[in-house]
Amino acid sequence: MSAPEDAGPGRVDGTACGCDEAVERLWEYVDSELGDLDQKRVQAHLDECAPCLEEEHIEVVLKQLVRRCCQEEAPAALRLRIHEQLSVLRLRAVAEPEA
Ligand SMILES: [Zn+2]
């Protein structure tokens, strides 16, 4: 018996953004540059979307961001910060019981 609203664990009522937006704003999210609402939306998505937290995926995102900023490589500090943030998100995702 499956509920009609069975959209996976950690579903947030329409507040989570999509993968594209989450990736697009990951940088700002890590830098806490987003507004309260956007910060929550990106966080809600990352909370429930494992692929967005994959290491390889993050490397791709970093490269895109760096290219946009006309730099050769992501600054080590930024890279470190993003990986720290993702570790926290991953731990939280694992700790959360799947309802
Ligand atoms: Zn995603």
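The values are calculated or read from the model by the stated rules, or taken from the named source; none is laboratory data. These numbers were taken from a predicted model, which means no experiment stands behind them. Cβ placement follows ideal geometry from the backbone for every residue including glycine, while neighbour counts extend to all protein chains displayed. Remember, those area values only see protein heavy atoms, side chains included, never the ligands or the DNA or RNA. Shrake-Rupley method; radii C 1.70, N 1.55, O 1.52, S 1.80 Å.
Within the option set 42, 66, being open to solvent by less than 40 Å² (accessible area, probe 1.4 Å) and either part of a loop (DSSP other than H, G, I, E, B) or in contact with a helix residue (DSSP H, G or I) (Cβ under 6 Å, 6 or more places away or on another chain) (or both) holds for one residue only, 42.
Determine, yes or no, whether residue 14 is within 12 Å of the ligand (Cβ to nearest atom), part of a loop (DSSP other than H, G, I, E, B) and either modelled with pLDDT under 85 or open to solvent by 70 Å² or more (accessible area, probe 1.4 Å) (or both). Steps first, please.
On the way: within 12 Å of the ligand (Cβ to nearest atom): no; part of a loop (DSSP other than H, G, I, E, B): yes; either modelled with pLDDT under 85 or open to solvent by 70 Å² or more (accessible area, probe 1.4 Å) (or both): yes.
For residue 14, the condition - within 12 Å of the ligand (Cβ to nearest atom), part of a loop (DSSP other than H, G, I, E, B) and either modelled with pLDDT under 85 or open to solvent by 70 Å² or more (accessible area, probe 1.4 Å) (or both) - is not met.
Of all residues in the stretch 49-64, those that are closer than 13 Å to residue 89 by Cβ have Cβ atoms under 7 Å from Cβ atoms of residues that are exposed (fewer than 12 other Cβ atoms within 10 Å of the Cβ), 6 or more apart or on another chain, in 57/51.
Restricting attention to the stretch 42-87, report how many residues are in contact with a Phe, Trp or Tyr (Cβ under 6 Å, 6 or more places away or on another chain) and farther than 16 Å from residue 24 by Cα.
Our first condition is that a residue be in contact with a Phe, Trp or Tyr (Cβ under 6 Å, 6 or more places away or on another chain); within the stretch 42-87, this holds for 42, 65.
From what is left, the residues that are farther than 16 Å from residue 24 by Cα are none.
Qualifying residue count for the region: 0.
Candidates are the residues of the stretch 69-99 that are touching a helix residue (DSSP H, G or I) at 6+ places or on another chain (Cβ under 7 Å) and aliphatic (A, V, I, L, M); the one that is farthest from residue 19 (Cα to Cα) is 74. Screening residue 56 on (1) part of a loop (DSSP other than H, G, I, E, B); (2) of a type in the set (Asp, Glu); (3) at pLDDT 80 or above shows it passes everything except condition (1).
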